[in-house]
Structure formats: structure tokens, C-alpha cells
1. Does the stretch B:181-198 hold any residues that are buried (at least 22 other Cβ atoms within 10 Å of the Cβ) and assigned to a helix (DSSP H, G or I), and which are they?
2. Contact list please: Cβ distance under 6 Å, first residue in the stretch A:61-85 and more than 14 Å from chain B (Cβ to nearest Cβ), second residue surrounded by fewer than 18 Cβ atoms within 10 Å (Cβ to Cβ) and of a type in the set (A, V, I, L, M), pairs at least six apart or on different chains.
3. Counting only residues that are assigned to a strand (DSSP E or B) and either β-branched (Val, Ile, Thr) or closer than 19 Å to A:GLY253 by Cα (or both), how many does the stretch B:120-155 have?
4. Out of the stretch A:90-123, which residues are within 14 Å of another protein chain (Cβ to nearest Cβ) and either surrounded by fewer than 19 Cβ atoms within 10 Å (Cβ to Cβ) or within 19 Å of A:LEU163 (Cβ to Cβ) (or both)?
5. So which residues in the stretch B:60-80 are over 18 Å from A:ALA182 (Cα atoms) and surrounded by fewer than 20 Cβ atoms within 10 Å (Cβ to Cβ)?
6. Just checking, how many residues over the stretch B:217-244 are in a strand (DSSP E or B) and within 13 Å of chain A (Cβ to nearest Cβ)?
7. For B:GLY138, which of the numbered conditions (1) over 30 Å from A:THR204 (Cα atoms); (2) within 14 Å of chain A (Cβ to nearest Cβ); (3) touching a Ser or Thr at 6+ places or on another chain (Cβ under 9 Å); (4) surrounded by fewer than 21 Cβ atoms within 10 Å (Cβ to Cβ) fails to hold?
8. Restricting the stretch A:285-309 to residues that are over 13 Å from A:PRO39 (Cα atoms) and of a type outside the set (A, V, I, L, M), which is nearest to the other protein chains (Cβ to nearest Cβ)?
Amino acid sequence: MTRTLGRREFIKTGAGAGLTLAMARTLAAGSAKKPLTKPSVVGVGIGEDYAKATAKAIGLLGSFKTFVPKGSRVALLPNVQSRHPGSFTKPEILRAVIGLCKKAGAKEISCLSWQPVKQFEDTGLKAVIESEGIGLRLFEKDESLFRAVPIPKGVALKEARLLAALDEYDRLINMPITKDHAGNKFTGSLKNLMGLNSPASNRTFHKPNWKTDPDDIAHLDQCIVDLNMAVKPALNVVDATEILVSNGPFGPGQLMRPEKVVAGTDRVAIDAYCAGLWGLKPDEIVQIKRAAGQGLGEIDLLKVVVKEEYYY
Amino acid sequence: MKRLRSSLVPAVLACLVLGGAWAGQSGDGGPKLASLLPGSGDAQGWSRDGEPQEYPGQELYTYIDGGAEIYHEYGFRAVIVQDFESAAGKSVSLEIFEMADPGAAYGMFTFKRSGQGRSVPLGSAGALEDYYLNFWKGRYVVTLTGFDDSAATIAGLLALGRAVDAKMGETAEAPGLVAALAGEGLKPGSVKYLRGLLGLNNVYPFYTARGLAFTAAVKGDYESGASLIVLDYGSAQARASAWADLNAALENAGRFKRTGGPDAGVPLFLDGQGRYAAFRETGDRLAVGLGANPSAAIAIAAQAR
């Protein structure tokens with residue numbers, strides 16, 4: 001099922017009204033400076049069968065029902081950057097997550113995006129969505145379809161502009177592909193959440209005078225970190241199977257094939273792990289370092305329980 | 001996004017001819033991007049698949065969401081995208097980027113190539129990688145992407161590349177600043193020509209913008225393992241002022257630590273990656289030598305022309 005909702009249709013369905021509390025309850029959970037009582041766990045499934053690697057990575061974290069209780073309405077956020085190899089979340093991974101959600105008894109499962117349908121078609125994700133019978137809700141880049149979410153502890157970004165339809169869901173599963181990025185060298189679970197923020201707001205992450213104002217150089221990274229204080233996915237499932245390590249995020253570029261799927265709830269730990277897959281030091285990646293500094297997670301992998309297993 | 005409709009082409013052509021203009025030209029005298037696309041028979045065995053899509057100016061953000069900034073930093077005008085298919089069922093995507101000037105095209109080409117590819121005789125320079133190729137010519141950067149690395153796909157990349165190349169009349173030389181890199185031991189495919197901080201941050205991050213308002217820069221890697229960056233500021237006065245700012249920023253940066261070397265007159269820092277960075281002022285330019293030890297860093301900085 002594919003739906004592209006314009007402002008009028010969105011209002012007509014009532015989806016845009018009176019739904020702010022649901023999200024405030026479950027998703028807008030900035031966790032700045034919370035003491036970590038238990039070490040973060042990162043599950044890593046390895047192998048060339050990406051569906052099985054996905055199930056393994058998530059299984060290493062414990063029961064899936066912890067993340068998606070029965071009756072949940074689940075929003076999925078895969079990366080649909082382009083159809084260039086290594087630039088988009090693999091269809092097999094999406095299918096595996098959908099299967100787990102169904103098995104857990106999810107009431108509704110939908111992919112949300114403001115990207116054009118062509119991106120979903122070209123990447124093969126639309127075919128998975130249709131064959132699995134879940135929703136594909138595509139939104140116009142209309143500011144009225146996004147709602148303001150204050151970020152009181154945001155350093156650069158004081159207000160996110162999140163897809164209002166997110167309020168209709170109990171759980172968000174963030175499904176990026178980790179890869180190179182021309183702007184800040186790395187993209188992973190932290191940056192993928194820009195896919196829920198309005199394009200107009202995202203544009204402000206790149207300041208017009210960043211080339212001349214020294215304070216602006218890390219503005220993009222800081223905005224990404226602040227945005228992550230406004231949204232807390234229930235689970236992050238990162239495609240690290242075949243990834244762009246140059247000329248990202250769009251490609252084409254050099255590919256690396258770690259053949260890994262990485263899962264967890266700690267976005268900082270996950271991104272720190274993924275950065276290391278192609279030799280980047282987490283504390284050299286500004287967004288990861290600042291996210292750790294703002295209490296969003298653990299950057300020191302020695303303090304993280306990393307469980308890596310082949311699926312067989 | 002502009003969808004080009006073949007049914008409209010005759011009408012548009014007629015209007016332009018009647019108006020005294022050549023339909024194959026854009027407003028600034030260059031050819032329209034659509035006229036550079038291979039037609040039927042231009043690349044044997046390959047035919048167009050679907051309609052071309054064109055994204056001018058800020059519409060690039062629609063096509064390359066999250067990755068358009070680097071094109072704009074160099075100077076971007078428009079891109080046209082056309083898919084091709086072969087009788088054997090292979091697919092290739094062609095992108096022709098029209099940049100603001102030949103320096104922008106050369107710079108974007110150097111930014112996009114991996115340095116590991118094979119040089120191919122397309123345009124002014126071309127690089128064939130595992131499953132894609134890039135070349136530049138005049139104000140254009142051409143990228144062809146296959147979706148596997150089979151011989152048939154690679155042959156298609158080259159055939160389509162040659163067809164585009166043949167339609168491009170413009171030629172240009174690489175910017176003169178490239179010659180500032182010392183020739184001996186230079187890995188040609190490693191050369192990156194830069195026009196702003198976004199590009200510089202990708203090849204060597206200073207984690208500051210202070211003193212880095214250069215007009216253009218170039219970086220190259222050497223067989224010895226050393227690297228050389230040359231930043232051009234346009235005037236000796238601008239360079240001196242910039243270096244004062246950058247030096248001060250590095251002195252106060254956690255990721256750089258000032259250290260001593262064999263030549264006390266050469267500012268030397270140890271960066272967060274464990275490499276040494278030596279700085280040398282020369283005319284309008286600032287040379288930055290990067291090496292595994294102080295001597296290597298100082299030596300490569302001294303070779304900047």
C-alpha cells in the first residue's frame with residue numbers, strides 16, 4: 001500500500017490533529033546526562049544472508065517484544081538515499097524487521113518518509129513493502145505536515161520539525177545504512193533521523209555562512225545531535241552489509257562489505273562501532289563525540305557489550 | 001525536477017530556430033544538457049530507459065538529499081540523469097553535472113574518484129572503478145554507474161562514456177594550483193582540488209574554520225606515505241593573516257599539539273591521528289606537509305612549488 005499524503009488529505013483523515021501527546025509519551029525522550037545503570041549492548045549479526053544476520057543481531061539483544069510489544073503501531077525509517085550500491089538500506093533487512101514486528105503482534109507497520117516514491121521503487125524497498133502488505137506513507141515536503149518539537153537542551157537546534165504522522169505510532173525503528181558522508185565523514189543511526197525532520201529544517205543544519213564563520217563548522221553535527229534529543233527510537237537496526245566508504249552518502253563510490261547488521265538502542269555506541277568498521281575513530285567524528293557529550297550514549301566501546309555472532 | 005518530454009522537442013526547436021537561437025545551446029552559450037545524452041546508435045547495444053530528469057540549481061537537493069552541498073561548494077549549475085539498458089538486461093545510470101566553470105568540474109571529478117581506479121581516455125581525465133566511472137571535460141563532470149561489475153556492464157560504461165565525450169566540444173586544463181604539488185612520488189589519482197571547507201574536511205580536517213578561508217586548495221598523497229596540502233589565499237597579505245588565525249586556533253585545539261622538530265623555524269604540530277603537520281608560508285600560499293615523523297612532514301612541505 002502506497003499513500004502520498006498532501007496537506008489537504010492529511011487534515012481530512014484527521015491524522016494531523018490532537019496526536020501530540022502520544023509521541024511525547026513514547027518518542028520524544030531526550031535522555032541528556034542520565035547515568036547509565038547498565039552497559040549498552042550492541043548486537044551484530046554477521047553473514048551474507050542479510051535477513052538471517054538481521055534476526056541474529058536483534059536476537060542478541062533479547063526478546064524483540066521488549067522493543068515492539070503486542071499491539072504496537074510501528075513506524076519504520078529505512079534510508080532510501082539513492083539506488084547506488086551501498087547507499088540504501090537493503091530490502092532483505094527491511095523484510096526481516098517487518099517479519100519480526102508481525103511475529104511480535106504489531107498492530108500496524110508503516111514506513112514513513114518525505115522522499116519520493118521513486119526512491120522506494122529504485123531501491124527495491126517498495127516491492128518488499130507491498131509484498132509484506134505494510135504501509136508506505138509518503139508525505140509532501142509541506143511544512144504543515146510537520147510539527148514543532150521543542151528541544152530545551154539543544155545547543156544549536158532549539159526546535160525539531162518532525163513528521164506529525166509520527167505521533168500515530170507507538171514505536172519507531174530507525175533503519176539506516178552506515179556509510180561515508182561528504183559533509184561530516186560518517187552517517188549512521190544519529191544522522192538517519194534527519195529523514196523524519198522537515199527538509200526545510202534540515203536545510204538550516206547547513207548554515208549559509210559556515211564557510212566563513214568559525215562557529216558554524218560543526219553546526220551540522222550539532223544539529224544532528226540536538227535532533228536526536230527530540231526523538232528516541234525504540235530500536236536501531238543498521239545496515240553494515242555493503243557500504244559506501246567514499247563519495248557518500250549518494251555514491252557511486254568505493255564499497256566495503258563487512259556483511260554485518262548492527263542493532264541496539266544506544267545510538268552513540270552503535271555509530272561508534274560502525275565508524276570503526278572502516279577505520280574511523282569515533283571521537284574524530286564530531287556528531288558521535290558531541291552526542292556522547294550530551295548524554296545520548298556511550299562512545300567508549302570498551303564500556304559497551306558488543307555481541308558479534310554469525311547467524312549459523 | 002524537469003521532465004523532458006520528447007514530444008515537445010520539435011515544437012521547442014522550432015520556436016528557438018524562429019527566434020534566431022540555436023536550440024542546442026543554454027542561456028550562457030553552453031550546450032543544453034539533454035543534447036549531450038547518447039541517442040540510439042551512439043553506444044552500440046545500449047538504449048535509453050525512461051525519460052531523462054534534470055535538476056537545476058537548488059533542485060539538486062531533491063536528487064541528492066544530504067549530499068548536494070559539496071557540489072554547490074564547487075559551483076553547480078545543473079545535472080541531467082538518464083538510465084540506459086542493454087539487450088542483455090544490464091543497466092547503467094548516466095549523470096552529467098554542469099558545473100560553474102572548468103575548475104569546479106575538475107575539482108568535483110577529483111573529489112569523486114577514489115584514487116584506486118584505472119585511468120581511461122575519456123574527456124580531460126577519466127577513472128574507471130569497480131562498477132562506475134567518472135570523467136571531466138570543460139565544465140562537465142560525467143558519472144556512469146553500473147549495477148554490477150560484469151564485463152558487459154563495464155563495456156557499457158565505457159561505450160556510453162565515449163558517446164558523451166564525443167558530444168562535448170569544450171575542453172580545459174586542470175587549474176594551475178595543481179602544479180604546486182611536488183611531482184616526484186606523487187600518486188596522480190590521489191590529487192584533490194578543493195574550493196572550500198567541506199572538501200578540505202573530507203581530505204584533512206583541521207576541526208576549525210579559522211584561517212581557512214582559502215580561495216582554492218590542492219592535496220596530494222605520495223609514495224613515501226607523506227601528503228601535501230597547498231592552500232591558496234590569493235595574496236600574501238591574506239595568507240599571512242590566515243596563517244596567524246590558523247596557528248592560533250591549532251595552538252588552542254585539543255586535537256593538535258604543538259611540538260618541536262629538527263627545524264625550529266618550521267611550525268610543527270602532532271594531530272589527533274598521530275601524524276605530524278608542518279606549515280610553510282610561501283607567497284600567496286600556505287603549504288602543509290603531513291608525515292609519519294617530523295622530518296617527513298617538513299620535507300614534503302618544503303617541496304611545495
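1. Scanning the stretch B:181-198 gives B:LEU197, B:LEU198.
2. Listed by first residue and then by second, the contacts come to A:LEU61/A:VAL41.
3. Start the filter on the stretch B:120-155 by keeping residues that are assigned to a strand (DSSP E or B), which leaves B:120, B:125-128, B:132-137, B:140-146.
Applying the additional criterion that residues be either β-branched (Val, Ile, Thr) or closer than 19 Å to A:GLY253 by Cα (or both) yields B:120, B:125-128, B:132-136, B:140-146.
Within the stretch B:120-155, residues that are assigned to a strand (DSSP E or B) and either β-branched (Val, Ile, Thr) or closer than 19 Å to A:GLY253 by Cα (or both) number 17.
4. Listed by number, the residues that qualify are A:SER113, A:TRP114, A:GLN115, A:PRO116, A:VAL117, A:LYS118, A:GLN119, A:PHE120, A:GLU121, A:ASP122.
5. Of everything in the stretch B:60-80, just one residue is over 18 Å from A:ALA182 (Cα atoms) and surrounded by fewer than 20 Cβ atoms within 10 Å (Cβ to Cβ), namely B:ALA78.
6. Looking only at the stretch B:217-244, we keep the residues that are in a strand (DSSP E or B), and these are B:217-222, B:227-232.
Narrowing further to those that are within 13 Å of chain A (Cβ to nearest Cβ): B:217.
Final tally of qualifying residues: 1.
7. All conditions are met except number (2).
8. Looking at the filtered set, the residue picked out is A:LYS289.
The values are calculated or read from the model by the stated rules, or taken from the named source; none is laboratory data. Just so we're clear, the structure is a prediction, and the values are computed from it rather than from any experiment. When we count neighbours, we look across all protein chains shown, and the Cβ atoms used for this are built from the backbone with ideal geometry, even at glycine.
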